[in-house]
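A.B. asks: Dumping the structure here so I can ask a few things about it.
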Amino acid sequence: MSIDDHISINVEIAERSYRLKIRHDEEKYVRAAAHFVQRELTKLKKQYSFRDDQDGLAFVSLDATTELARHNAREKSEDESLEQVVSKMEALLNIA
């Protein structure tokens, strides 16, 4: 992708505006991510008392990263299970 395929967008997180230069095809994902972070931060601020938004953003980051790690572990486990099934099928085919 060339620089011509990039666009500039603004996203707001924790009452700050961030100007980003991203690939055009990534815009919906970046906006969705910014919306997610802002929504989760707002939710946490209602539940807990933070000194400042940095504390809330740390918790949002930790929570999202933990969920990603869980997802990756499940995906790896599923891949390993699938590989075992394929190996068994190959072994059965070689017997026949």
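Table: residues versus (1) without any contact (Cβ under 8 Å) to a residue 12 or more places away in the chain; (2) hydrophobic (A, V, I, L, M, F, W, C); (3) touching a strand residue (DSSP E or B) at 6+ places or on another chain (Cβ under 9 Å).
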site: Leu20; (1), (2), (3): no, yes, yes
site: Arg31; (1), (2), (3): no, no, yes
site: Thr42; (1), (2), (3): yes, no, no
site: Tyr48; (1), (2), (3): yes, no, no
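A.B. asks: Determine whether Lys28 is among the charged types (D, E, K, R) and at pLDDT below 95.
C.D. replies: No, not satisfied.
The values are calculated or read from the model by the stated rules, or taken from the named source; none is laboratory data. Small disclaimer: the values here were computed from a predicted structure and weren't measured. Because the Cβ atoms are built from the backbone with ideal geometry, glycine has one as well, and the counts that use them run over all protein chains shown.
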